[in-house]
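Trainee: The structure follows.
The values are calculated or read from the model by the stated rules, or taken from the named source; none is laboratory data. Since the model is a prediction, treat every value here as computed from it, not as a measurement. Note that each Cβ is placed from the backbone with ideal geometry, even for glycine, and that neighbours are counted across all protein chains shown. Just the protein is used for accessible areas: all its heavy atoms, side chains included, with ligands, DNA and RNA removed. Shrake-Rupley method; radii C 1.70, N 1.55, O 1.52, S 1.80 Å.
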2 protein chains.
Amino acid sequence: MAFKKITAADIAFFQSVQGIKAVQTDAEALENCSSDETEDLHYLPEVVIQPQTVAAISAIMAYCHEHNIPVTPRGAGTGLSGGALPVYGGVVLDMRAFNKLIALDTRNLQVTVEPGMITQELQDLVKAAGLFYPPDPASKGSCFIGGNVAENSGGPRAVKYGVVKDYVLNLEIVLPDGEVMWTGANVLKNATGYNLTQLIVGSEGTLGIITKIVLRLIPAVQHDVLMLVPFRKAVAACEAVNTIFMAGYTPSAMEFMERDALEWSMQYTQATGISLPDDIEAHLLIEVDGNNMDVLYKDMEAIAAIVQRFDIDDILFADTHEQKQMLWTLRRKVGEAVKSNSIYKEEDTVVPRAELPELLSIIKELGREYGFQSVCYGHAGDGNLHVNIVKGSMSDEDWNNKLTDGIRQLFAEVVRLGGTISGEHGIGLVQKNYMDIAFNNRQLQIMRSIKQLFDPKGILNPGKIFAD
Amino acid sequence: MAFKKITAADIAFFQSVQGIKAVQTDAEALENCSSDETEDLHYLPEVVIQPQTVAAISAIMAYCHEHNIPVTPRGAGTGLSGGALPVYGGVVLDMRAFNKLIALDTRNLQVTVEPGMITQELQDLVKAAGLFYPPDPASKGSCFIGGNVAENSGGPRAVKYGVVKDYVLNLEIVLPDGEVMWTGANVLKNATGYNLTQLIVGSEGTLGIITKIVLRLIPAVQHDVLMLVPFRKAVAACEAVNTIFMAGYTPSAMEFMERDALEWSMQYTQATGISLPDDIEAHLLIEVDGNNMDVLYKDMEAIAAIVQRFDIDDILFADTHEQKQMLWTLRRKVGEAVKSNSIYKEEDTVVPRAELPELLSIIKELGREYGFQSVCYGHAGDGNLHVNIVKGSMSDEDWNNKLTDGIRQLFAEVVRLGGTISGEHGIGLVQKNYMDIAFNNRQLQIMRSIKQLFDPKGILNPGKIFAD
């Protein structure tokens, strides 16, 4: 794509716009927006702009639209598919100043928030009012709610409560030409025209810049119980997942961790108090929540009885708040732990839940065939398995070329099982060349036409989702 | 729009297509597809085709696309916005032969079904396997699941379990030019490209013809309790709805019925056993469900205590299956009862739940101003109020002209309250001229562009959603 390079005149215009906190071109600011949490990628923008008002974003977009300047919106930079990377340079729109709670409507169990609020902060704010916003990506302590909406994030509790898309009622967006519009209405049911809200959720910042988010909330849930179950066979852990659901239980979390995932996270977090016998291949972290402790204990006992039909070691029941925190930290830090251990690529596979044991077997078989080691973990209750392929001793040549064939084959198997190539991380930059595995030409052509319709000049977050 | 009229040559082509059960041009067949449950509208198609295979639909669409012949897909004809009416004549694609269960996947809690299956039949089939498909429009005994998906239907249990869009995982559709494609994957989480599935749900048969539906299911719920609460003031009933939710309870149904709604339904169904004292203005029908009877009773007692803070008469607790059935029949038959009583127009207003009392007051005020009588009922837990405006003694002149202004004003108030003009019935034919109240020009232009993208010739279900 042929975009205009940014000149001093462009910078002068950006500086003249009202409602902008900073227009930065210094090396440090550009560097700070050149990467995210995806592998070791690096793309420098030409300018970083921190807008504070919708009108400012509108003015910037109208200008960039007119002058053919690429714009990449950026949240907290915690993305795992490179969605916030300015691969064509241009403007990074740093949304950190858009961090206000606009309205907490306790009468209607809704919250209106700006996209730059940290997800955990939002959860805490609504919790203080007796309410609950469930989606909780592993990075919830640092990621922004806007990025969560852009990527349709999930997290452990999606298995019971659904993903981000299930909570978004309405969005205010700035279109690529600068016009501002809402996508829907602040209602629980809506059969009025096409669902533009759900078209924007998960569109990875390629159709519009999210400036306000209206979320539905639910009443706070008062209690939860948590247990960690060690399995001697990883495939058996996957099988147990489905057995629990088929028995009629819907845990509020059902997380799978291969041995390496837990072990590396234990080392990374310097956790103590968990034994990891040599014969354990995988763990399930199972949480049940609700408002009645008797019911919860009964459910937990029933689930314990189910997993005991498999070849397991002693179940660890988390008795205290601290113990629960420790187990959740171990789970949440797996990604960072793997990253700190080796160069890696993370694939965000998702299949119908019952196909998990087969998926895991396929991954290991492909690893043997293509010579890669994998560490698998994720939201087993949703069939969403993160496959961390670690470089280890693999040659650069194999890592950059041969491995691509292995990943293509993995994704082909995922699609054959009824699944798809991203469950919650999005396509962004790093998976876009695999989109032809998930979709045929017509499907892709429809998606590209939608992009064209919203963004005829292709200036908004270019280089994402679609193969070049 | 200038469409081609159907000729003998076209009919001969349709008859030559494999996989078609019937090509009908007799007066009775055309008449049967000329109306639905929307008011007293009447539009004759030129031919009714009953396809039995996806390939047959593909061949018909390719032909109609080439020859510029309008095609209107039709389910059970229970729609309340005229979505299935062939307003430009042409082909009605009668989907009744598409009524098979393709796969009930109990391992993954999913079902794949054809669009022509009756919703109740689908619910019964999955229930026999210990599973639950919650969305239950009032017409569930006769409507088709395909129509439910096309309209994004709701129903009483949406308040706890969500609407149709919350259960659709993947759709097979035939595009207006005859190409067949899937919209997504059979997974619970999906962050792979734009959400085409949610674009098709609720698109009212204007973007593609749904031929297969993959729905997620949940484990069957074992128990429910039901109570009918008579309120002396209708506005107080609306207020009680919100009080219950704010206390942290999420009933599985929370239905509002104005006095007339219940009275007319009692007459229509010849119900006995319910007293309706003169001073009662409205009722709430409240259901709580779950797997633990102790918890249910406790919740029911707490809810009873909440409603007793309002000015109510004696609560009726439904003790037996028969009593529950009777109360639900009364609720489900309100629409038919009103229809049998007078010519009417039904508006499907939806607002944030807490705004219901104000909405009800506004409706009555507008009724006084414009001289109409209204019977209101609906899914109060979702803020979704059906406003049946009955013609009664209103002159034809007022009914056809003055009333339109009243409805415009009602919808303007609904939008002012944060709501929109259809919660679950869709826009179809009868609400399309009000779309400018819910959306501005840019929003409408984006929706029209999406229509254009899927259906450049505008042959699929023309005359719907968008004003002429």
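Trainee: On a 0 to 90 degree scale, rounded to 10, what angle separates helix B:441-454 from the longest Cα axis of chain B?
Mentor: In chain B, helix B:441-454 runs at an angle near 50 degrees to the longest axis.
Trainee: In addition: Can you compute the modelled spin-label distance between residue A:62 and residue A:220, with each label point 7 Å from Cα toward Cβ, in nm?
Mentor: 4.4
Trainee: HN-Hα J couplings of segment A:336-343 from phi, Karplus 6.51/-1.76/1.60, θ = phi - 60°, integer Hz, Gly and Pro as x?
Mentor: 4, 5, 4, 4, 6, 8, 6, 4
Trainee: Still on this structure, I have one more. In segment B:8-97, carbon and sulfur make up what percent of the accessible area (probe 1.4 Å)?
Mentor: Carbon-and-sulfur percentage of accessible area, whole number: 49.
Trainee: Size of the dipole of segment A:129-230 about the Cα centre, Lys and Arg at +1 and Asp and Glu at -1 on the beta carbon, nothing else charged, in debye to 20?
Mentor: Computed about the Cα centre, the dipole is about 340 debye.
Trainee: Give the shape of segment B:254-398 as rounded, prolate or oblate, defined through the alpha-carbon gyration tensor: a ≥ b ≥ c are the square roots of its eigenvalues, a/c under 1.5 means rounded, and otherwise the shape is prolate if a/b is larger than b/c and oblate if not.
Mentor: Here segment B:254-398 falls in the prolate category.
Trainee: Plugging the Kirkwood radius over Cα pairs into Stokes-Einstein for the protein assembly as shown, at a temperature of 37 °C and a viscosity of 0.692 mPa s, what D comes out in µm²/s?
Mentor: The estimated diffusion coefficient comes to 114 µm²/s.
Trainee: Rounded to the nearest 100 Å², what's the accessible area chains A and B bury against each other, both chains counted, probe 1.4 Å?
Mentor: Protein heavy atoms only, the A-B interface buries about 6200 Å².
Trainee: What shape does segment A:30-120 take by its C-alpha gyration tensor, where a ≥ b ≥ c are the square roots of the eigenvalues and a/c under 1.5 counts as rounded, a/b above b/c as prolate, and the rest as oblate?
Mentor: oblate
Trainee: Net charge near residue A:402, counting Lys/Arg +1 and Asp/Glu -1 over other residues with Cβ under 15 Å of its Cβ?
Mentor: Within the 15 Å Cβ shell, the charges total -1.
Trainee: Once you have a ≥ b ≥ c as the square roots of the Cα gyration tensor eigenvalues for segment B:332-388, tell me rounded if a/c is under 1.5, and otherwise prolate or oblate according to whether a/b is larger than b/c.
Mentor: Note, shape of segment B:332-388 comes out oblate.
Trainee: With the calculation restricted to Cα positions, what are the radius of gyration and Dmax of chain A in angstrom?
Mentor: For chain A, the Cα-based Rg and Dmax read 22.4, 70 Å.
Trainee: Kindly give the distances from residue B:305 to its copy-mates, label point to label point, with each label point 7 Å from Cα along Cα→Cβ, as nm values to one decimal ordered shortest first.
Mentor: 3.2
Trainee: Just to confirm, what accessible area per residue do you get for chain A at 1.4 Å probe, in whole Å²?
Mentor: With all protein chains present, chain A gives 35 Å² per residue.
Trainee: Compute the signed sum of charges (Lys and Arg +1, Asp and Glu -1) over the other residues within less than 13 Å, Cβ to Cβ, of residue B:23.
Mentor: -3
Trainee: Could you calculate the FRET efficiency of residue A:412 with residue B:358 from 1/(1 + (r/R0)^6), where r is the beta carbon distance between them and R0 is 45 Å, rounded to 0.05?
Mentor: 0.25
Trainee: Grab the residue from chain A whose Cβ hugs the A-to-B rotation axis most tightly, plus its distance in whole angstrom.
Mentor: With distances in whole Å, chain A gives A:198, 2.
Trainee: What is the sum of charges, Lys and Arg at +1 and Asp and Glu at -1, for the other residues whose Cβ falls under 10 Å from the Cβ of residue B:136?
Mentor: +3
Trainee: Something else about it: To the nearest 10 degrees, how steeply does helix A:356-370 sit against the main Cα axis of chain A, on a 0 to 90 scale?
Mentor: The angle comes out at about 80 degrees.
Trainee: Set the Förster distance to 41 Å, then compute FRET efficiency between residue B:293 and residue B:120 from the Cβ-Cβ distance, nearest 0.05.
Mentor: 0.95
Trainee: Turning to a different aspect of this structure: Starting from the Cα of residue B:278, move 7 Å in the Cα-to-Cβ direction to define the label point; list residues of segment B:310-352 whose amide nitrogen is under 18 Å from there.
Mentor: B:313-314
Trainee: What gaps in nm, shortest first, separate residue A:392 from its twins in the other copies when you place the label 7 Å past Cα toward the beta carbon?
Mentor: Distances between equivalent label points, in nm: 7.9.
Trainee: A follow-up question, please. Starting from the alpha-carbon convex hull of segment B:223-335, give the projected area averaged over all orientations, in nm².
Mentor: Average projection, Cα convex hull of segment B:223-335: 6.5 nm².
Trainee: Specify which residue in the list B:69, B:426, B:200 is farthest towards the positive end of the charge dipole of the protein assembly as shown, using unit charges on the beta carbon of Lys, Arg (+1) and Asp, Glu (-1), about the Cα centre.
Mentor: Highest projection toward the positive end goes to B:69.
Trainee: List, in order, the whole-Hz ³J(HN,Hα) value for each residue of segment B:160-166 obtained from phi through the Karplus relation with A = 6.51, B = -1.76, C = 1.60 and θ = phi - 60°; use x for Gly and Pro.
Mentor: Rounded to whole hertz, the list is 9, 9, x, 9, 4, 4, 7.
Trainee: Taking the label point as lying 7 angstrom from Cα along the Cα-to-Cβ axis, what are the distances from residue B:367 to the corresponding position in the remaining copies, in ascending order and in nanometres?
Mentor: 6.8
Trainee: Calculate the spin-label point distance for residue B:26 paired with residue A:13, positioning each point 7 Å from the Cα along the beta-carbon direction, and give it in nanometres.
Mentor: The answer from the label model is 6.9 nm.
Trainee: Let me have the 222 nm mean residue ellipticity of chain B computed from DSSP H runs of 4+ only, each contributing -39500 (n - 2.57), with the sum over all residues rounded to the nearest 500.
Mentor: -10000 deg cm²/dmol
Trainee: Given the C-alpha centroids of segment A:249-287 and segment B:381-452, what is the distance between them in whole angstrom?
Mentor: So the two Cα centres are separated by 54 Å.
Trainee: Residues with amide H under 5 Å of residue A:21's amide H, sequence separation 5 or more or different chain, H placed in the peptide plane at 1.01 Å from N; which?
Mentor: For residue A:21, the qualifying residues are A:50, A:52.
Trainee: Could you check the simple spin-label distance between residue A:322 and residue B:53, using points 7 Å along Cα→Cβ, in nm with one decimal?
Mentor: So the two model labels end up 6.9 nm from each other.
Trainee: Note the angle between two axes, namely the Cα long axis of helix A:259-269 and the longest principal axis of the Cα atoms of chain A, as a number of degrees from 0 to 90, rounded to the nearest 10.
Mentor: Approximately 60 degrees, to the nearest ten.
Trainee: Same structure, new question: I need the Debye-formula profile for segment A:101-219: one equal scatterer per C-alpha, no solvent, reported as log10 I(q)/I(0) at q = 0.13, 0.21 1/Å, two decimals.
Mentor: -0.45, -1.21
Trainee: While we're on this one: Search the structure for amide H atoms under 5 Å from the amide H of residue B:132, placed 1.01 Å from N in the peptide plane, and list their residues when 5 or more places away or on another chain.
Mentor: Correct list: B:218, B:220.
Trainee: With +1 on each Lys and Arg Cβ and -1 on each Asp and Glu Cβ, how big is the dipole of segment B:190-315 about its Cα centre, in debye rounded to the nearest 20?
Mentor: 660
Trainee: A further question on this structure: Short version: ³J(HN,Hα) in whole Hz for each residue of segment B:35-52, in order, from phi by Karplus 6.51 cos²θ - 1.76 cosθ + 1.60 (θ = phi - 60°), x for Gly and Pro, what are they?
Mentor: Residue by residue, segment B:35-52 yields 9, 9, 8, 8, 6, 10, 7, 7, 9, 8, x, 8, 8, 10, 10, 10, x, 10 Hz.
Trainee: Next question. What's the magnitude of the charge dipole for segment A:320-434 around its Cα centre, counting Lys and Arg as +1 and Asp and Glu as -1 at the beta-carbon? Answer in Debye, nearest 20.
Mentor: About 260 debye.
Trainee: Whole-Å semi-axes of segment A:342-438's equivalent ellipsoid, largest first, each the root of 5 times a Cα gyration tensor eigenvalue?
Mentor: That gives 20, 14, 12 Å for the three semi-axes.
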